[in-house]
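Colleague: Here it is: the structure, laid out below.
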Amino acid sequence: MKRIVLIIIYLLSFAFSNAQQLETFIEDALENSPVIQKFELQYSIASEKVNEVNTIPNTEFGVGYFVSEPETRTGAQRFKVSAKQMLPWFGNITARENYVNSLADAKYEDIVIAKRKLIASVSQSYYNLYANKAKQEILVKNIQLLDTYETLALTSVEIGKASVVDVLRLQMRQNEMHQLLAILSQQFLAEQTNFNKLLNRDKAISVQVINELNLPSEDFEMNSENLALHPELLKYDKLYQSVEQSELLNQKESSPMIGFGLDYISVDERPNMNFSDNGKDIIMPMIAVTIPIFNKKNKSQTKQNELQQQEIVAQKQERLNTLETLLDKAVNEKISARISYTTQTKNLKQAKDAEQILIRSYETGTIDFNDVLDIQELQLKFQMNQIDSIKTYYLQTTIINYLTN
């Protein structure tokens with residue numbers, strides 16, 4: 001788990017000079033998450049069951065009083081006290097402990113899975129916040145740029161080199177940007193609530209994200225073989241082992257049980273008689289054996305265990321196929337994000353060059369504000385796409401880390 005955190009932090013370390021560490025957010029989430037606490041409590045309950053099964057059947061005590069006292073040669077029987085203890089067959093209790101421990105081991109994998117998912121969720125929410133904030137900053141800059149163009153257009157109107165329509169078009173474009181900026185602000189608040197709730201804290205806490213996030217120069221190597229060791233798959237192995245332990249317990253429970261007991265009968269002396277055993281109490285040790293002659297239940301349990309193992313194998317293969325699909329998709333989308341980022345960077349440079357040409361044209365009095373709006377719209381599109389590419393790259397990296405680390 002710590003390895004995943006370190007990889008994420010290494011990817012972002014160059015950009016965290018003045019922002020809160022993502023590592024701190026992740027640690028807070030792992031420490032405070034009610035989801036993690038839920039699974040940890042479930043694991044504790046499953047582990048505690050070992051003490052529950054590490055017991056033998058209750059000792060049976062009985063007391064009887066003879067309402068009609070039976071007469072024997074040595075005297076009348078008054079009351080009877082008995083004690084009986086049944087004992088499971090050798091190894092039965094150990095088999096129960098092994099079975100319960102195997103269930104607890106499977107529950108532990110739920111904790112590992114939940115922590116991995118929480119790390120991925122916190123990271124992905126953080127990247128969403130970054131992308132939203134970056135887009136807002138770009139919109140603010142573009143609005144300021146349009147303010148400059150509006151000033152140029154007003155000047156051109158005064159000298160007769162532009163029409164009022166050009167000014168109105170620039171103002172309508174500004175209105176659209178202000179609208180988009182307001183929408184992004186609301187989306188940021190919604191994502192901020194999601195992020196804070198992942199950390200199990202007040203939704204209104206302000207989240208500070210990094211100012212700039214770039215792609216690393218090289219992609220990190222991915223070991224797809226680690227997918228076979230993913231906790232979501234290991235859980236099926238643990239469940240399979242628990243069924244094996246269940247069958248061993250079933251075999252033990254089909255064995256006989258041995259019981260030991262003792263009966264004590266109080267005997268009164270016979271009056272007016274004198275012989276050696278007069279009034280002698282009766283003590284009778286006993287031994288009992290339960291023999292499972294009708295063991296249809298155990299045979300049925302064995303068949304159920306076999307079918308359950310087959311089901312677990314099928315479920316594991318199904319989940320493996322799903323995880324492999326997710327991994328391949330994440331890898332391909334990560335590669336696509338880098339390709340898109342490179343293309344958007346080239347397009348943005350060319351759009352800026354075109355913008356400079358238009359600005360120089362204004363000095364000669366030949367500026368076309370329709371072209372200005374077109375270039376500005378292209379710049380905004382390329383900048384937004386660039387941010388989306390960065391976000392996609394890191395979101396897919398998070399998925400890959402979840403699956404392979």
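Where a number appears in this text, it was derived from the coordinates with a stated rule and is not lab data. From a predicted model like this one, the values you see are computed outputs, not experimental measurements. We place every Cβ from the backbone using ideal geometry, glycine too, and count neighbours over all the protein chains shown.
Colleague: For the range 35-161, what is one quarter of the convex hull surface built on the Cα atoms, given in nm²?
Modeller: Across all orientations, the range 35-161 yields a mean hull projection of 17.4 nm².
Colleague: Using +1 on the beta carbon of Lys and Arg, -1 on that of Asp and Glu, and nothing else charged, what's the dipole of the range 74-134 about the Cα centre, debye to 20?
Modeller: So the dipole magnitude of the range 74-134 works out to roughly 300 debye.
Colleague: Which one, L323, N295, I282, projects farthest toward the positive side of the charge dipole computed for the range 278-334 from Cβ point charges (K/R +1, D/E -1)?
Modeller: It is I282, whose Cα lies furthest towards the positive end.
Colleague: Here's a follow-up. What's the angle, to the nearest 10 degrees (0 to 90), between helix 164-198's Cα axis and the longest principal axis of the chain?
Modeller: Rounded to the nearest ten degrees, it is 20.
Colleague: If each DSSP helix of 4+ residues adds -39,500 (n - 2.57) and the sum is divided by the residues in the chain, what number results at 222 nm, nearest 500 deg cm²/dmol? Kindly include the intermediate steps, with their values, before the conclusion.
Modeller: Details: 8 runs with 271 residues, N = 405.
It comes out at -24500 deg cm²/dmol, rounded to the nearest 500.
Colleague: Next up: Tell me, what HN-Hα J-couplings in whole Hz come from the Karplus equation 6.51 cos²θ - 1.76 cosθ + 1.60 at θ = phi - 60° for each residue of the range 387-403, using x for Gly and Pro?
Modeller: Rounded to whole hertz, the list is 5, 4, 5, 5, 4, 4, 4, 6, 5, 5, 4, 4, 5, 4, 5, 4, 8.
Colleague: So, one more: Let me check against my output: what whole-number percent is the relative contact order of the chain, with C-alpha pairs under 8 Å and at least 6 apart?
Modeller: Values: 497 pairs, mean separation 98.5, N = 405.
Once normalised by length, the contact order is 24 percent.
Colleague: Separate question: Classify the range 166-325: rounded, prolate or oblate, from the alpha-carbon gyration tensor (a ≥ b ≥ c, eigenvalue square roots; a/c under 1.5 rounded; otherwise prolate if a/b is larger than b/c)?
Modeller: Taking the square roots of the gyration eigenvalues as a ≥ b ≥ c, the range 166-325 is prolate.
Colleague: Exposure proxy check: V267, V207, V372 ranked by fewest other beta carbons within 10 Å?
Modeller: V207, V267, V372
Colleague: Please report, in whole Å³, the volume per residue of the convex hull around the C-alpha atoms of the range 180-222.
Modeller: Dividing the Cα hull volume of the range 180-222 by its residue count gives 130 Å³.
Colleague: Show me, for the range 133-144, the HN-Hα J-couplings you get by feeding each phi into the Karplus relation (A = 6.51, B = -1.76, C = 1.60, θ = phi - 60°), rounded to Hz, glycine and proline as x.
Modeller: 5, 5, 5, 4, 5, 5, 5, 4, 5, 5, 5, 5
Colleague: For the chain, what is the charge dipole size about the Cα centre, in debye to the nearest 20, if Lys and Arg each add +1 at the Cβ and Asp and Glu each add -1 at the Cβ?
Modeller: Rounded to the nearest 20 debye, it is 660 debye.
Colleague: Let me ask something else about it. I need two numbers for the range 352-405: Rg to one decimal and Dmax as a whole number, Cα atoms only, in Å.
Modeller: Values for the range 352-405 (Cα only, Rg and Dmax): 18.7, 61 Å.
Colleague: Would you work out if the range 309-405 is rounded, prolate or oblate? Take a ≥ b ≥ c from the square roots of the eigenvalues of the alpha-carbon gyration tensor; rounded if a/c is under 1.5, else prolate when a/b is larger than b/c, oblate otherwise.
Modeller: Prolate.
Colleague: Still on this model: Please give the contour-minus-distance gain from S44 to L378: 0.36 nm per residue of separation, less the Cα-Cα distance, rounded to one decimal in nm.
Modeller: This chain segment gains 114.5 nm when fully extended.
Colleague: If you take the square roots of the eigenvalues of the alpha-carbon gyration tensor of the range 226-293 and sort them as a ≥ b ≥ c, do you get rounded (a/c under 1.5), prolate (a/b over b/c) or oblate?
Modeller: Cα axes put the range 226-293 in the prolate bin.
Colleague: Arrange the following residues from fewest to most other Cβ atoms within 10 Å of their Cβ: D110, D237.
Modeller: Least crowded to most crowded, the residues run D237, D110.
Colleague: Hey, another quick one. Can you work out ³J(HN,Hα) from phi for every residue in the range 271-282, in order, using Karplus 6.51 cos²θ - 1.76 cosθ + 1.60 and θ = phi - 60°, giving whole Hz and x for Gly and Pro?
Modeller: x, 6, 9, 9, 8, 5, 9, 5, x, 6, 5, 9
Colleague: With each label point set 7 Å from Cα along the Cα-Cβ vector, what nm distance links W89 and N370?
Modeller: Once both label points are built, they end up 9.4 nm from each other.
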